[in-house]
Every structure is written in C-alpha cells, then in structure tokens.
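Peer 1: Next up is a structure, given as structure tokens.
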Amino acid sequence: MPRNQKSQIVRRLQENWSMKILRALELEGKSPYFRAMQTANSPRITMDGRPRLMLGSNNYLGLADHPLVIEGARRALERFGAGSTGSRLLNGSIDLHRELEAEIADWFGIEDAIVFTTGHQANLATVGALVGRGDVIVSDSDAHASLHDAAKFTDAQSVRFRHNDIDSLVEKLAAAGKSGRPTMVTVDGVYSMEGDLAPIDQVSEVCLEHRALLLVDEAHAVGVLGPHLTGVTELYGKADRTPLRTGTFSKSIASTGGFVVGSHDLVDAIRTNGRAFQFTAAGVPAAVGGALAAVRLIRSAEGRDRADRCLANARFLRDSLASLGVPLAAPAVGPGGAETVTPIVPVLVGESLRAFATWHELYERGVFAALAHYPAVPLDRAMLRLAVTAEHTLADLEEAAASLHTVLKLDAEHQLVA
Ligand code: PMP
C-alpha cells in the first residue's frame, strides 16, 4: 500500500521508538521478549531449544511443577472439563470457584473473597465497582499498571503521589479532603520491578485519618511475606486496618487468576458492580484447581519452608552479586526500618540499549532474566529483574552471579564501563 494511503494510526506506529527498537532486535534474533519454553517452569528449563537457568520467573515458591498442584489442576480438568464457557455471574461458576474463595477468605482471616480470571481483572473490577464520578483515586506513582488502568477505567479523578512518599500522599489526600470527595488509595505491597515494600503502617494510618479506603495489591508478597504468608499488610500487622487486599495466582500460587478479600459489603459490591468480573469468562477449572492445591500447600508447613528457602536464596544471590560489585537497587525496607528481603533482585544496567545488549550476552551464556526498561522503569534505570525461587540451588545462584559479573563488564572501581 502506498505510504500516503496508510491511516494516521499505522503511520504513527511506524515512527514509534519502542517498535523500531524491538523490530531491530527481532531481526538480529536478540529480542528478550516472547521467548518460549519447551519445558515446565523450574530453575532449569529448555528455552529456544537450549538448556538455560531460569532467573526471570515469578514462580517464587517453585510450585509451578509441584506434583500436588499438577494433581489439583488435573482433577479439576477431569471433573469439570476444559473451559468455563461463561461469566461467573451467569453460567461460568463451578463449586471449585466457591471452594477457593472460602479457602482464601479463611487464610486471610476475613469475611469474604472473590476470585477472578486474572490479577489484572481483580484490580480493574475492585476499583471500578467502588469508585466513580465525583470520587478521587490516589495511587502510588510506581503502583502496578493494572491499578493505574483501573483508575483510568472509572470516571473518578485519578492522582498519583510520589513513590513511597508519605508527605506527598498526605498532600493529595488533604486536597481531596478539602473538597469532601470520597477517596480511595491504591498501593502495591511489594513493588514489582524494584522489589521494595510500601510502608503500610504509615499508609494505613494516613488513610484512616483522611477516611480514605485503602487497597493493597499483594501480588508479589503473597506466599512469601507475613506470619501466615498473606503479604506485606500482615507483615506490618495492619491486616485488620486494610479494607481491601488484592492478589494474583500467577506468581507464588503458580496458576493463573486473581482475588480480592474484604468485608461482605465491599466484596458483594464488587460481585454486583465489578464489570471486569461480570463481563468476562470465569477462570478455567484447571487453573482454579491448581490454585486451590497451591493455596493449601502454602498454608501447610511446606509453604513456610518454601518461603524461607526462597528468601534465603534471594539474600544469597543479592550478597553474591554485591560482593562482585554488581550494581543493585537498594535493599527493601520493612517494619521498623529493617532491611527486608523479597524474591526480586534488580540489577541496574542504566540505559535501555545497554540493557538489551547485556540481556542478550547473558542469554547466550544460558541464563534467562527478565528485562525491564522504559516506560516500566525510568529512562536511565533499565534493569535485569532477577527473581529467585525456593528451588534454586546455591550452585545455580553462584553460576548466575558469575555470568552477570562477566557480561556487565565492570571496571576496577566496579563501575559499568562506558
Ligand atoms: N499486580 C501486580 C503488582 C503485578 O505484578 C501483576 C502481574 N505482573 C498483576 C497485578 C496482574 O496479575 P495477573 O498477571 O494475574 O494479571
């Protein structure tokens, strides 16, 4: 088609910087995206036909290929079939959805829970059901894309406060308070890129003072943090002061789906008004059965053991990289200002083009890491986002640290060589 006959949208896409870079990387076979595995997700995988060390998954507890989780998924598949073929509201609910909701509510020690087809939808449906025209949503600037999408999805006014900055949060809440508008605050428990924690003690106190409804997304914290492994809110002892907690099954819970927990009133409002809950098909039986088996495992002694192993592995990898002078994001800070380990170990690489090249050299050495670059992180803060699981061995992690050290090409002062 002659160029001048293309729509403005297609022409704009052709000028798009990210698309140009990705096309160029794909042509050279160096794109970090859409790499396919030929095996189950575990520390040692086959990807693009070659054995590789997996350091880029969110399979924190190593449950994705656990026999009991596979068995849970298989039994659900055999009993209920392959598809859900309808919305939870009308014709897609099965007993297993309800059983999983009861299990999650009991685990979180709260009145009610609902499960969704994905974690993204859990945030969209929860926020969308509860706020609207005339209301204000105040979100941490680094909150997950699904929380920002959720805010856009409503007619409420959406404002952002500076990441983890309580003064900035108070300023935004005070402004909303002056106009007397109902307000919701949304934060992540563990931030998905840098692995740092929201200061939930201060956030929840400020929300109570300003009568704002707090939602904490526990996606990366469920299964690894807190006395019962329900996340950061529990780690801070603020579970009973946090009206809404959402999460996903796609990380520690090793399946696909999402959930929200809260009071009967709040959760019922989401059941009846949550468009992203009602106007999409229910999670398929195998995903729900696998998630139920994983939640039960996490609640058993094995869950605690796996969480401890995962965090010990994260500390070991962080220490190994630091001792080699590899530049890392600052360690997470938790209750009382104490250093707190999360499964996410972000290696700072600088600007995007360098990060793509480093990623590819690492991949050629047989290590897969996830790459985060602008706009997921600021322009000069591209990173290799490493994530450990309970199943990695110390030898795996030593190998990864040595490979990273080699590909990063640090000078004698441990600085990245320009
Ligand atoms: N919240 C956070 C903090 C996440 O990191 C993610 C997934 N990356 C989601 C929500 C969405 O979860 P899901 O993948 O189940 O849609």
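Where a number appears in this text, it was derived from the coordinates with a stated rule and is not lab data. It should be emphasised that the depicted structure is a prediction, and the values quoted were computed from it without experimental measurement. Using ideal geometry, Cβ is built from the backbone for each residue, glycine included, and neighbour counts are taken over all protein chains shown.
Peer 1: Using the Cα centre of the chain as the reference point, and only Cβ charges (+1 on K/R, -1 on D/E), how large is the resulting charge dipole? Debye, rounded to the nearest 20. Don't skip to the end; give the middle numbers.
Peer 2: Working: 42 positive and 49 negative charges, 299 e Å.
Charge dipole, the chain, about its Cα centre: 1440 debye, nearest 20.
Peer 1: Which lysines, on any chain, are close to LYS6 with Cα under 24 Å apart, when same-chain ones fewer than 8 places away are left out?
Peer 2: LYS20
Peer 1: Here is a further query. Treating the Cα atoms of segment 353-418 as identical point scatterers in vacuum, please give the log10 of the normalised Debye intensity I(q)/I(0) at q = 0.28 Å⁻¹, two decimals.
Peer 2: -1.29
Peer 1: A further question on this structure: Given the C-alpha centroids of segment 288-342 and segment 116-179, what is the distance between them in whole angstrom?
Peer 2: About 28 Å separates the Cα centre of segment 288-342 from the one of segment 116-179.
Peer 1: While we're here: Suppose every K and R has +1 on its Cβ and every D and E has -1 on its Cβ; what is the size of the dipole of segment 67-298 about the Cα centre, in Debye to the nearest 20?
Peer 2: In total the dipole reaches around 640 debye.
Peer 1: Then there's this: For the chain, what number results from the quotient of the Cα radius of gyration and 2.2 N^0.38 Å?
Peer 2: Working: Rg = 21.8 Å, N = 418, 2.2 N^0.38 = 21.8 Å.
After normalising by residue count via 2.2 N^0.38 Å, the value is 1.00.
Peer 1: Under a plain spin-label model, where a point goes 7 Å from the Cα along Cα-to-Cβ, how far apart in nm are LEU22 and LYS178?
Peer 2: Result for the modelled spin labels: 4.1 nm.
Peer 1: Only bridges with both residues in the chain count here: give the DSSP antiparallel percent, nearest 5. Display every interim value, and only then the final one.
Peer 2: Working: 29 of 49 bridges.
Beta bridges within the chain, antiparallel portion: roughly 60 percent.
Peer 1: Let me ask another. Distances longer than 21 Å among the Cα atoms of segment 108-186: what percent of all pairs is that?
Peer 2: Result for the distance tail: 32 percent.
Peer 1: Taking a cut-off of 13 Å between Cα atoms, list the aspartates and glutamates near LYS30, but don't count ones fewer than 8 places away on the same chain.
Peer 2: Result set, ordered by chain and number: ASP48, GLU361, GLU364.
Peer 1: Report, for segment 67-298, the % of DSSP beta bridges that are antiparallel, rounded to 5. Display every interim value, and only then the final one.
Peer 2: Values: 11 of 28 bridges.
Around 40 percent of the beta bridges assigned by DSSP in segment 67-298 are antiparallel ones.
Peer 1: Write down the radius of gyration of segment 67-298 and its Dmax, each obtained from C-alpha positions, in Å.
Peer 2: 17.1, 57
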